[in-house]
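Heads up, the thing below is written out as structure tokens.
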Amino acid sequence: MYFFHFYIVNTGCVCVFQYMSGFGNECSSEDPRCPGSLPEGQNNPQVCPYGLYAEQLSGSAFTCPRPANKRSWLYRILPSVKHKPFTQIPCGDLTENWDDVEPDPNQIRWLPFTIPKTTDTKVDFVAGLHTICGAGDSKSRNGISIHVFTCNSSMVDRCFNNSDGDFLIVPQQGELLITTEFGKMMVEPNEICVIQQGMRFSVDVFGETRGYLLEVYGAHFELPDLGPIGANGLANPRDFLCPVACYEERTVPTGYTVINKYQGKLFSCRQDFSPFNVVAWHGNYTPYKYNLKNFMVINCVAFDHADPSIFTVLTAKSTRPGVAIADFVIFPPRWGVADHTFRPPYYHRKQCSFCHFIKRLLIALMFPLKYFDQDYFSYSI
């Protein structure tokens, strides 16, 4: 099923974005400017239509069981390997060296990160990444990092590629126009998007922009099991949207920069063409986005509070059954009708860390505004 979304950007132009629906589906797409560009009956013909190059992007080992096997075939104008060697570049405020900071078991709270003014300096998505906390590391393929991004400028002739893990991006202020090898997505506040490991993307912004970013190593995000809830509820698969093919065929004589995050470090290389030159693709390994207003909330209707796991949108499972590397959980507006129950949720000591990204408007619908007078980020164990 195809969906069309219309946006009016600050330039006054109306932009139309097309998506396909479903979570982890086998999808196929070809740019309508090149009909028949998707090979039929095989993945790697001796000569691809239009003289395109066939590449496979794997999100799992070749021998993974079918339910966990992730891969997509991309048909592009020039191969992605056609670039100059990578060289290491400064990481800025991006890190996974947790031993550089002494552990602190206290609850910690941050006010919103200041967004740089365009009149002072131009900062794009990559330059505006700040690591807050994390655990594990990318080398062992087990763990997470949590970042904040603050930016005021679009990525011009630059793209980013994370070889360490998946990015779950949560815009808090300002829209993100995310261009990927699979197509384009417009992501607004109250939406999330996931850019999976190895996918190149670029971020355009339309003013001062801020948001949060969850990075997981060694696992991909999945929908949580529903158990006794049944077949329907929480985040329904049909509400996840992936982009359609939309290629760029342009050369960049001054050089296009590809930034790669690898084992916690940043590297860059140069090439003379846009990496978003995929004319057609098919597979089940794609970027995707989700509107949080579509989340079907489950809640208590008798007494007490249910555990917060009933608000899980996406989970990244560990090798230990029932234990996640990370859960992405939201607390959306909902009716609270429990009898003889203290209204705010209970405090509990737990075997995991909680990172809370509090959005003022959302909390105002559940608790008095005087307790949450601005957006903030907090951490507790």
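The values are calculated or read from the model by the stated rules, or taken from the named source; none is laboratory data. This one's a predicted model, so the numbers in the text were calculated from it and none came from an experiment. Neighbour counts are summed over all protein chains in view; Cβ atoms, including those assigned to glycine, are modelled from backbone coordinates with ideal geometry. Accessible surface is based on the protein model in full, side chains and every heavy atom, while ligands, DNA and RNA are left aside. Shrake-Rupley method; radii C 1.70, N 1.55, O 1.52, S 1.80 Å.
Points to keep in mind about this one:
- Single match in PHE267, PHE276 (criterion: assigned to a loop (DSSP other than H, G, I, E, B) and either over 30 Å from PHE342 (Cβ atoms) or among the small types (Gly, Ala, Ser) (or both)): PHE276
- Pick from segment 126-163, criterion of a type in the set (S, T, N, Q) and open to solvent by less than 30 Å² (accessible area, probe 1.4 Å), ranking: modelled with the lowest pLDDT: SER138
- Residues (closer than 17 Å to ASP307 by Cα and either among the small types (Gly, Ala, Ser) or part of a loop (DSSP other than H, G, I, E, B) (or both)) located in segment 214-234: PRO224, ASP225, LEU226, GLY227, GLY233
- You will find that of PRO67, PRO39, PRO35, the residue that is of a type outside the set (A, V, I, L, M), modelled with pLDDT of 95 or more, surrounded by fewer than 13 Cβ atoms within 10 Å (Cβ to Cβ) and outside any strand (DSSP E or B) is PRO35 and no other.
A quick yes/no check of all residues on (1) of a type outside the set (D, E, K, R); (2) surrounded by 14 or more Cβ atoms within 10 Å (Cβ to Cβ); (3) within 30 Å of ARG66 (Cα to Cα):
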residue: SER274; (1), (2), (3): yes, yes, no
residue: ALA280; (1), (2), (3): yes, yes, yes
residue: MET296; (1), (2), (3): yes, no, yes
residue: THR312; (1), (2), (3): yes, yes, yes
residue: LYS317; (1), (2), (3): no, yes, yes
residue: ILE325; (1), (2), (3): yes, yes, yes
residue: PRO332; (1), (2), (3): yes, yes, no
residue: VAL337; (1), (2), (3): yes, no, no
residue: TYR346; (1), (2), (3): yes, no, no
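- From the options VAL194, VAL203, VAL216, residue that is in contact with a Gly (Cβ under 7 Å, 6 or more places away or on another chain), among the β-branched types (Val, Ile, Thr) and under 28 Å from ASN97 (Cα atoms): VAL216
- Residue, nearest to SER72 (Cα to Cα), within segment 182-199, restricted to residues that are open to solvent by 10 Å² or more (accessible area, probe 1.4 Å) and over 12 Å from the mean Cα position of the chain (by Cα): GLY198
- Scan of segment 42-64 for residues that are touching a Lys or Arg at 6+ places or on another chain (Cβ under 9 Å), part of a loop (DSSP other than H, G, I, E, B) and within 23 Å of GLU248 (Cα to Cα), ordered by number: LEU52
- Cβ-Cβ distances below 7 Å connect the following pairs, each with a first residue in segment 312-328 that is without any contact (Cβ under 8 Å) to a residue 60 or more places away in the chain and in a strand (DSSP E or B), a second residue that is open to solvent by 40 Å² or more (accessible area, probe 1.4 Å) and charged (D, E, K, R), and a separation of six or more residues or different chains: ALA324/LYS317.
- Of the numbered criteria (1) under 24 Å from GLN271 (Cα atoms); (2) out of contact with any Phe, Trp or Tyr (no Cβ under 8 Å at 6 or more places or on another chain), the one ASP157 fails is (2).
- Residue match in segment 326-341 (condition: over 20 Å from PRO228 (Cβ atoms), modelled with pLDDT of 85 or more and polar (S, T, N, Q)): yes
- Scanning segment 229-253 for residues that are of a type in the set (Gly, Ala, Ser), more than 16 Å from GLN18 (Cα to Cα) and open to solvent by less than 30 Å² (accessible area, probe 1.4 Å) yields a total of 2.
- From the list ASP166, ASP204, ASP225, the one residue that fits, being open to solvent by 10 Å² or more (accessible area, probe 1.4 Å) and modelled with pLDDT of 95 or more, is ASP204.
- Residues that are small (Gly, Ala, Ser) and either touching a Cys at 6+ places or on another chain (Cβ under 8 Å) or closer than 17 Å to PRO116 by Cβ (or both) were ranked within segment 207-222; the one that is surrounded by the fewest Cβ atoms within 10 Å (Cβ to Cβ) is GLY207.
- Members of segment 122-156 found to be within 19 Å of GLY211 (Cβ to Cβ) and in a loop (DSSP other than H, G, I, E, B), listed by number: LYS122, VAL123, ASP124, PHE125, VAL126, ALA127, GLY128, ASN152, SER153, SER154, MET155
- Among the residues making up segment 30-47, those that are under 25 Å from TYR19 (Cβ atoms) and either in contact with a Gly (Cβ under 6 Å, 6 or more places away or on another chain) or not polar (S, T, N, Q) (or both) are GLU30, ASP31, PRO32, ARG33, CYS34, PRO35, GLY36, LEU38, PRO39, GLU40.
- Check on PHE23, farther than 29 Å from THR251 by Cα, at pLDDT below 95 and among the hydrophobic types (A, V, I, L, M, F, W, C): no
- Residue in segment 159-170 that is more than 27 Å from TRP73 (Cβ to Cβ) and in contact with a Ser or Thr (Cβ under 8 Å, 6 or more places away or on another chain) present: no
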